[in-house]
Amino acid sequence: MIREHAPELLWTPSEAFRDSTNIAAYQRWLADGGVGEFTNYGDLWTWSVDHLEDFWASIWTYFKVDADPTYSSVLSDRNMPGARWFDGARLSYPEHIFRNAVPDRPALIWRSESTALQTMGWDELREVTGALATRLQESGVGLGDRVVAFMPNIPETVIAFLAVTSIGAVWATASPDFGAGSLVDRFLQIGPKVLFAVDGYRYNGVAHDRRSVVAELQDRLPTLELTVLVPNLDGNAPRATDRTISWSAAVRAPGRLEFQRVPSDHPLWVVYTSGTTGLPKAIVHGHGGVLLERLKSGGLHGDVRPRDVYFWYTTTGWVMWNLNLSALLSCSTIVLYDGSPWYPARDAMWALVEQAEATIFGTSAAFLTACMREGQKPGADHDLSRVRMIGATASPLPPEGFRWVYEAVKPDVWLASSSGGTDVATAFVGGCPTLPVYAGEIQCRALGVDVQAYDDEGVALFDQVGELVVRQPMPSMPLFLWNDADGSRYRESYFNKYPGMWTHGDWITITGRGTAMITGRSDSTINKLGVRVGTGDVYSAVEELPEVLDSLVVEVETRGNETEVQLFVVLTDGTSLDEKLQRKIRSAIGDALSPRHVPDSIRAVPEIPRTLNGKKLEVPVKRILMGTARDSAVAIGSVANPDALEFFVTLSRQD
């Protein structure tokens, strides 16, 4: 589908702003080194993918990666899957976090629903991390052993991650709101030796005791040898046993923090797909690939600087928690928050941005649009003068969300929308501080990421919706999937449609200006009468209406191989889905897209089901409506609001 798009310019960086950015300094460095004069971002991106090895070698040199020995080749095998990056190098990801620590600045700022704002300096962070790393080694944890965490976004979780990875062990985490079944589905796959866990957590003012879940994990993880329990609710240390110790006991004895340098492709962490259907994929990333990618993404695309205060609202069950920690590579201070983003008031996160004096605030598109729907005016209610950048990810931010940021938050802020995945621990398309911001558009394709929009025949498209494809390897692509010895699940997940190229499962439009738009998952595309649109196009049209708070659209097969487009909407209080509103919704979709994509039915629902990461459950809802049992269509433990599925289960029985 060709998009007729008249971009609305919302922000342009000043010359002084552009010149002060990290990416501008990098371009000057390239010019001084004789690599080339890149007068615009498009030329720089083209060089980065046309000369892939030279580009990544420049990132290694520019950011002064410390390895002993250094690499023998940047990219020794270009095959996907199977590409090998920085062969021969031995390095440590956490070592690069500590190497340029700023003593007079806090490393961590944190707050929870029940605690005031607190800070931890770099020296204390190093000291406690060293003590814990020493205790883990004394307990028999070493290279390649897996350590898992059932922990919220608190300093102890950060310390545990740094300690575990500093000794060459492998990290995996999940947030304490996960159910026991979902946790076992994730952790049992990798055979952990140690579990870090809390006794409970608070959310929206309510205490949730999770000791029974911890006990179940101890029973159902046969490889587990030790549990370190953090008293997050009542402050009382657990009774010590052969298999359980308290956090205070784990860090009581001093220890020197040393870093086990490992091969570039040594596993750093395991992250999991959302697991909406089937067993979650256990995705393994390496020290070298993550380090290089995060230096590039955070340093150049995120423009993170040593004295920044970096706050990205996330839980430990989302890869953004891992990526949030990578801001420490730039010696910035990171902000941790444990609790509901709406507690004790609906503007709680904006209040924390002000209180922590954050310079960078990242969140989900769903959070921003929720604030917009409520009519919040954070810029008027809070001092956001220090905020330089606002980041949005997890799902597409609609044009009206972009406009709201500039109207209600801050008119001179850099709004960086991005889209990537847990699978690659980074963004395929995202922000660039030297480029303008257009409503509804992501600023650019990321450096070193050969992103294209492909049609079914493998032809690259511009200004048209196509399948998001990555044509060349990225350092942070998975090393492998756990328990996938022959690589078949890895290949089937990403490389089946276009052999030798990564297919992510998103619909993308790349414009002639180099911007991008993500319009939904390609497996939930609306393809009515041969004309395809992403679900994001429908949401942009529908959710601009003041009566509609949220929506979900699916195309369902009916008898006789026909299809029906079904739209579900959440309405504002006091609004009813009468004929007049239905006509208004259909007209909005017909005008924005085409008459072919006007839904066959519109129904009001109390709530749209979403994953724990805030993504709409389009495919599971489609499967439920087509007769699949709820528990076969979706892993309930991955759903943030499972009760929202009951409407669709009931509807499927009626049909």
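The values are calculated or read from the model by the stated rules, or taken from the named source; none is laboratory data. Values in this document were obtained by computation on a predicted structure and should not be read as measured data. FYI the Cβ positions are ideal-geometry reconstructions off the backbone, even for glycines, and counts take in every protein chain you see. Side chains are part of the model used for accessible areas, which takes the heavy atoms of the whole protein and leaves out ligands, DNA and RNA. Shrake-Rupley method; radii C 1.70, N 1.55, O 1.52, S 1.80 Å.
FRET efficiency for the Arg491 to Asp50 pair, using the beta carbon distance and R₀ = 30 Å, is estimated at 0.70.
For the chain, no complete DSSP H run has alpha carbons reaching 27 Å or more along its own long axis together with a mean Kyte-Doolittle score of 1.0 or higher.
To the nearest µm²/s, what D does Stokes-Einstein give for the stretch 92-206 at 10 °C and 1.306 mPa s, using the Kirkwood radius over alpha carbon pairs as Rh? List each step's numbers first, then the result.
Working: Rh = 15.3 Å.
It comes out at roughly 104 µm²/s.
Take the Kirkwood radius over Cα pairs of the stretch 61-108, plug it into Stokes-Einstein at 10 °C and 1.306 mPa s, and you get 124 µm²/s for translational diffusion.
Since only Ser326, Thr363, Tyr343 are under comparison, the one whose Cα sits farthest along the positive direction of the charge dipole of the stretch 289-412, derived from C-beta charges on Lys, Arg, Asp and Glu, is Ser326.
Measuring spread by the Cα atoms of the stretch 36-89 yields a radius of gyration and Dmax of 12.7, 35 Å.
May I ask you to derive the relative contact order of the stretch 588-655, considering only C-alpha pairs under 8 Å and at least 6 residues apart, and to give it as an integer percent? Intermediate results must be reported in sequence, preceding the final value.
Values: 57 pairs, mean separation 21.3, N = 68.
Relative contact order here is 31 percent.
Under a 5 Å amide H cut-off, with hydrogens placed 1.01 Å from N, Gly255 pairs with Ala131 among residues at least 5 apart or on other chains.
Would you please report the Å³ per residue occupied by the convex hull of the alpha carbon atoms in the chain? Show your work: numbers first, answer last.
Working: hull volume 100.7 nm³, N = 655.
Convex hull of Cα atoms, per residue: 154 Å³.
Taking all protein chains together, Val459, Val158 sort by accessible area into Val459, Val158, largest first [probe 1.4 Å].
If you take all C-alpha pairs in the stretch 565-655, what percent of them are over 19 Å apart? Result: 46 percent of Cα pairs exceed 19 Å. About the centre of its Cα atoms, the chain shows a dipole size close to 760 debye [charges on the beta carbon of Lys, Arg (+1) and Asp, Glu (-1) only; nearest 20 debye].
Report D for the stretch 481-522 in µm² per second (integer): Stokes-Einstein, Kirkwood Rh on Cα pairs, 37 °C, 0.692 mPa s. Write out the running numbers ahead of the final one.
Numbers: Rh = 12.1 Å.
So the translational diffusion coefficient is about 271 µm²/s.
Each principal axis of the stretch 504-655 carries a Cα extent, and these read 43, 39, 36 Å when sorted largest first.
Just so you know, the Cα atoms of the stretch 1-138 work out to an Rg and Dmax of 21.3, 63 Å. Which log10 I(q)/I(0) values, to two decimals, does the stretch 170-319 give at q = 0.13, 0.15, 0.21 Å⁻¹ under the Debye formula with one point per Cα? Cα-only, vacuum Debye calculation for the stretch 170-319: -0.79, -1.03, -1.40.
Between Glu544 and Asp19, the modelled label-to-label distance comes to 3.9 nm, taking each label 7 Å out from Cα in the direction of the beta carbon.
Give the average over all directions of the projected area of the C-alpha convex hull of the stretch 563-618, one decimal, in nm². Mind dumping the intermediate values first?
On the way: hull surface 19.1 nm².
Averaging across all directions leaves 4.8 nm² for the Cα convex hull.
Note on the stretch 155-236: Kirkwood hydrodynamic radius from all Cα pairs is 13.4 Å, rounded to one decimal. Highest mean packing first, where packing is the average number of other Cβ atoms within 10 Å per residue, the peptides 111-120, 175-184, 219-228, 322-331 line up as 322-331, 175-184, 219-228, 111-120.
Length gain on complete extension for the stretch Glu646 to Asn79, per 0.36 nm per residue less the alpha carbon to alpha carbon distance? Working shown, then result.
Details: separation 567, 0.36 × 567 = 204.12 nm, distance 4.47 nm.
Between Glu646 and Asn79, full extension yields an extra 199.7 nm.
Considering helices alone, the calculated mean residue ellipticity of the chain at 222 nm is -8000 deg cm²/dmol, with DSSP H runs of length four and up weighted by -39500 (n - 2.57) and normalised per residue. Across the stretch 321-352, the residues whose backbone nitrogen lies under 14 Å from the label position 7 Å along the beta-carbon direction of Thr119 are 332-336. Averaging sequence separations of C-alpha pairs under 8 Å and six or more residues apart, then dividing by the length of the stretch 26-141, give the relative contact order as a whole percent. Relative contact order for the stretch 26-141 comes out at 12 percent. Overall dimensions of the stretch 397-533, expressed as equivalent-ellipsoid semi-axes from the Cα gyration tensor (√(5λ), whole Å, largest first), are 28, 19, 13.
For the stretch 349-448, build the convex hull from the C-alpha positions and give me its volume per residue in Å³. The partial results should precede the final answer.
Working: hull volume 9.8 nm³, N = 100.
It comes to 98 Å³ per residue, whole-number rounded.
Restricting the calculation to alpha carbons of the stretch 200-255 gives Rg and Dmax of 12.7, 38 angstrom.
For the chain, calculate the relative contact order in percent as a whole number, restricting contacts to Cα pairs under 8 Å that are 6 or more residues apart.
Details: 1396 pairs, mean separation 88.1, N = 655.
With pairs under 8 Å counted, the relative contact order is 13 percent.
The modelled label-to-label distance between Asp455 and Thr563, using points 7 Å beyond Cα along the C-beta direction, is 1.8 nm. For the cross-link pairs Lys410/Lys616; Lys281/Lys615; Lys281/Lys616; Lys64/Lys193; Lys281/Lys497, the ones whose C-alpha atoms lie over 25 Å apart are Lys410/Lys616; Lys64/Lys193.
Distances over 11 Å make up what percent of all Cα-Cα pairs in the stretch 608-647? Tail of the P(r) past 11 Å holds 57 percent of the pairs. Could you calculate the FRET efficiency of Asn483 with Gln654 from 1/(1 + (r/R0)^6), where r is the beta carbon distance between them and R0 is 35 Å, rounded to 0.05? Using R0 = 35 Å, I get an efficiency of 0.30.
Cα centroids of the stretch 399-463 and the stretch 598-655: 28 Å apart. Within straight-line reach of Lys584, meaning a Cα separation under 17 Å, sit the following aspartates and glutamates at least 8 residues removed in sequence or on another chain: Asp537, Glu543, Glu544, Glu547, Asp550, Asp600.
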